[in-house]
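Structure first, then comments.
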Amino acid sequence: MIQLLVQSDDYGITPGVSAGIREGIQNGIIRNTGIFINMPCSYQAAQDIKNMDVCLGIDINYVCGKPVSDPKLIPHLVDENGDFYKSTDISQKHKIVSYENLITTFEIDPYPYHEIYLETENQVKRFIEIIGRLPEYTHPHSLLTPNTYKAAQKIAQKYGIYHSMDMMLHYPCLPTTFMGTKGSNLQDQIDIDITKHLLEDDLPVLKNNQTYYYIGHCGYIDYQLFEETTLTLRRIKDLQAMLDKDIISYIHNHDIKLITYKNLK
């Protein structure tokens with residue numbers, strides 16, 4: 001048997017993305033999703049999903065919307081309006097030294113540890129407040145630096161939550177996971193065929209008795225999405241793949257078990 005963890009990130013970033021992910025859970029192969037707990041639609045998105053059959057985690061977010069913490073306590077994370085700095089702004093203002101094991105190291109980490117720790121914990125507390133239970137896992141969104149990684153690890157240990165990086169550094173991912181997710185323009189996102197890549201390149205090479213993961217960014221597209229991120233049109237391609245009947249049939253016919261983070265604990 002082959003085990004495959006299928007995850008779709010950014011639930012709660014906008015109503016359209018949230019609706020698309022719920023569609024992928026109900027009628028497709030999404031079994032894990034993490035919620036942005038700090039966005040205007042987060043509360044309603046949480047109510048819409050908290051009783052669904054899905055492994056619900058939290059996407060720790062430092063680059064979209066406003067923080068959960070008092071902005072005065074995390075001055076290096078927010079602009080003059082109290083909004084998080086965008087990841088593109090951070091990357092342009094701070095010199096990148098290296099990128100290894102999914103962690104971006106800057107000459108000076110733009111995220112002071114004590115501020116990141118505070119905001120990370122407050123996002124987890126907000127999740128508990130809205131959902132009524134602990135998240136099944138924590139997952140980093142966008143920029144992962146040594147300080148954000150350390151803070152997420154500490155909070156996950158404190159609350160007894162699975163940290164997705166433990167999975168990502170231990171198990172192989174399907175190559176299509178990171179295709180076109182960083183810095184791609186709209187035409188690239190239009191041209192990419194996620195369904196074809198999964199069916200022809202990824203799924204056929206999976207080996208028996210192995211565990212793999214695929215992390216997508218599914219969703220329907222709405223106006224708010226273009227205000228929050230450059231990853232836009234690819235989301236509908238991801239959702240199309242998660243709902244694709246040929247992919248669902250392939251998984252069923254090749255003894256591939258769809259798993260959640262609960263299976264990894």
Output the 0 to 90 degree angle, nearest 10, between the alpha-carbon long axis of helix 234-243 and the longest principal axis computed from the alpha carbons of the chain. 40
What residue among 156, 39, 92 has its Cα farthest toward the positive end of the dipole of the chain, where the charges are +1 on Lys, Arg and -1 on Asp, Glu, each on the Cβ? 156
Taking all pairs of distinct Cα atoms, average 1/r, flip it, and tell me the Kirkwood hydrodynamic radius of the chain in Å to one decimal place. 18.7
7 Å from Cα along Cα→Cβ at both residue 26 and residue 223: what's the point-to-point distance in nm? 2.5
Per-residue accessible area for residue 106 at 1.4 Å probe radius, Å² rounded to 10? 10
In degrees, nearest ten, helix 113-131 long axis to first principal axis of the chain (Cα): 60
Other-chain or far-sequence residues with amide H under 5 Å of residue 104's (modelled H): 144, 145
Gain in span if fully extended, residue 97 to residue 50, counting 0.36 nm per residue against the direct Cα distance: 12.9 nm
Calculated from backbone phi, Karplus (6.51, -1.76, 1.60) coupling profile of region 10-17 in Hz, x at Gly/Pro: 6, 4, x, 5, 8, x, x, 4
Any idea what angle helix 146-159 forms with the longest principal axis of the chain, computed on alpha-carbon atoms, 0 to 90 degrees, nearest 10? 80
Do any trypsin sites (Lys or Arg not before Pro) in region 81-169 lie in a DSSP loop with no more than 14 other beta carbon atoms within 10 Å, and if so, which? 95, 133
Debye log10 I(q)/I(0) for region 191-248, one point scatterer per Cα, at q = 0.14, 0.23, 0.29 Å⁻¹: -0.46, -0.95, -1.23
Quick check: net charge around residue 247, other residues with Cβ under 13 Å of its Cβ, Lys/Arg +1 and Asp/Glu -1? -4
What full-extension length gain, to one decimal in nm, is calculated for residue 173 and residue 248 as 0.36 nm per residue of separation minus the Cα-Cα distance? 25.2 nm
Suppose all protein chains stay in the model; what accessible area per residue would a 1.4 Å probe give for the chain, in Å²? 46
Where does each of 6, 205 land when they are ordered by accessible area, with a 1.4 Å probe and the largest first? 205, 6
On the full set of protein chains, 1.4 Å probe, figure out the accessible area of residue 252 and give it in Å² to the nearest 10. 150
Give the Rg/Rh ratio for region 1-107, taking Rg as the radius of gyration of the Cα atoms and Rh as the Kirkwood radius, to two decimals. 1.05
Accessible area of region 96-183 with a 1.4 Å probe: how many percent of it is carbon plus sulfur? 53
Which value, to two decimals, describes the C-alpha radius of gyration of region 86-240 once divided by 2.2 N^0.38 Å? 1.15
Using a 1.4 Å probe and counting only protein heavy atoms, arrange 66, 237, 245 so the residue with the most accessible area comes first. 245, 66, 237
Which value at 222 nm does the chain reach when only helices count, each DSSP H run of 4 or more adding -39,500 (n - 2.57), with the total divided by all residues and rounded to the nearest 500 deg cm²/dmol? -11000 deg cm²/dmol
Looking at this model, which pairs from 125/262; 207/257; 50/237 are more than 19 angstrom apart at the alpha-carbon? 125/262; 50/237
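The values are calculated or read from the model by the stated rules, or taken from the named source; none is laboratory data. This structure is a prediction, so every number in the text was calculated from the model and none was measured. Please note: Cβ atoms are built from the backbone with ideal geometry, for glycine as well, and neighbour counts cover all protein chains shown. In case anyone asks, the SASA skips ligands and DNA or RNA and just uses the protein heavy atoms, side chains included. Shrake-Rupley method; radii C 1.70, N 1.55, O 1.52, S 1.80 Å.
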